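Notes follow once the structure below has been shown.
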Amino acid sequence: MTDLFVPLQSLKQGDWFKLICGASFQHLPAVRNLTLAYTLAGADCIDVAADPAVIAAAQAGLQVAKTLAQDAQQRGFDYKGNLPFLMVSLNDGEDPHFRKAEFNPTECPRDCPRPCERICPAQAIVFDNIKEDFSGVVSEKCYGCGRCIPICPYGIIYTASYVTTPGAIAPLVMSTGVDAVEIHTQVGRLAEFQRLWQAISPWADQLKVLAISCPDGEGMTDYLRAVYDLIAPLKSALIWQTDGRSMSGDIGDGTTIAAVKLGQKVLAAKLPGYVQLAGGTNSYTVAKLKAMGLLKRGGQGGQGRNFPLSPPSPLSPPSSISGVAYGSYARVLLSPILEKLENKEVSNTNMKATICLEEDEVLLWQAVELAHSLVSQIKSSQRMESEH
């Protein structure tokens, strides 16, 4: 099998798994280590911020994963050395995925119980950090989930949004050799989408996947049809990402319902392309999809996993969900491992040393095992179906 077609065939047979590192997440060691662990666990796509430094960190993780393919197989993982697609996220306007929390720590009363610090899933809010001599929001760790805002007793936390300039960011990002692009858009922003698409279009032929992420809203399916008319014809595979509950990271079984319902809505619209869930996805998502009959049974056309090695056509409307993307839930799942790694850095005699995940064999394979527990939910589900 070739590196090129393995992720595309996952889309075709309905067991595509995407890790979302976060459109605003710029903590380079975490991006590198998350990429490494989820690649070894069998992820099909790694979605990162449109930042050359972040892209380079992810690419470093991918290359290390290739060298560990044999070790992964000996430990019982299915990873064969094929690389997942590297995707970057862009926005055509203001979007909750593209923001950071901010506050002035000198305004925090000394007796504040600091609920913001406890609730932050990215551990991006710190007070009196001895190593860095810092209090406040660690910008590169914050991915803009917004949970800290309503819980602040004094209302001093706010968010700063940023919108990229298409003409400036597109050449910078596309020249890094990424495989895929995801565009975050919203109903009513067709002119803004068109400007961003025009900036990307010179590189469109090199893309293996284009994903469109749009939250629900009145007129959404008509808007998505207009988007499709604008980008067609398209050589790459096309994914409609149904962002049910953005950046929730919640673990309850009810949380995933919003993503599933939005997925059903887009499926009903019969748009050409694939439908992939995101936003509110967690450990219950695959089971919910399976119970509702929304996952493909045994691959396309009853062929199971014996498919021809050719890229799937992006032009036919899907009849089932083709994959699931996991963001904050997937990152938090590995946070105990990454935290141990950071603690090792602090205790290191060289305070500036960064310990890479592969340098600690025990933590590495613990991280891969945790990542595999999530990836295998959709992979194993489809494998079992194809064997019956």
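Before moving on, here are some points about what is shown:
- Prolate/oblate/rounded call for region 136-227, Cα gyration tensor, a/c under 1.5 rounded: oblate
- Proximal charge balance of residue 180 [Cβ under 11 Å; K/R count +1, D/E count -1]: -2
- Cα centroid of region 24-61 to Cα centroid of region 78-127, whole Å: 15 Å
- Region 112-128 residues near the modelled residue 135 label - backbone nitrogen below 19 Å, point 7 Å along Cα→Cβ: 112-120, 123-128
- J(HN,Hα) series, region 134-150, from Karplus relation 6.51 cos²θ - 1.76 cosθ + 1.60, nearest Hz, glycine and proline x: 9, 9, x, 9, 6, 4, 5, 8, 6, 10, x, 5, x, 5, 6, 5, x
- Full-extension gain in nm, residue 127 to residue 110, via 0.36 nm per residue minus C-alpha separation: 5.0 nm
- Taking a ≥ b ≥ c as the square roots of the eigenvalues of the Cα gyration tensor, an a/c ratio of 1.5 or more together with a/b larger than b/c marks region 41-132 as prolate.
- Remark: for residue pairs 235/340; 208/288; 80/270; 141/261; 208/290, the C-alpha separation exceeds 32 Å in 235/340; 80/270.
- What region 42-108 shows is 36 Å² of accessible area per residue, with the surface traced by a 1.4 Å probe over protein heavy atoms.
- Were the residues from residue 191 through residue 74 laid out at 0.36 nm apart, the gain over their Cα-Cα distance would be 37.0 nm.
- Within the accessible area of region 177-223 (1.4 Å probe), percent carbon and sulfur: 43 percent
- Sulfur and carbon atoms: percent of accessible area, region 1-72 [1.4 Å]: 60 percent
- Taking θ as phi - 60° and the Karplus parameters 6.51, -1.76 and 1.60, the scalar couplings of region 231-244 work out to 8, 6, x, 10, 7, 7, 5, 10, 10, 9, 8, 8, 8, x Hz in sequence order, x denoting glycine and proline.
The values are calculated or read from the model by the stated rules, or taken from the named source; none is laboratory data. In this text the structure is predicted, and so the values were computed from the model without any measurement. Heads up, the Cβs are rebuilt from the backbone with ideal geometry, glycines too, and the neighbour counts pull from every protein chain shown. Just so you know, the surface numbers come from the protein's heavy atoms only, side chains and all, with ligands and any DNA or RNA stripped out. Shrake-Rupley method; radii C 1.70, N 1.55, O 1.52, S 1.80 Å.
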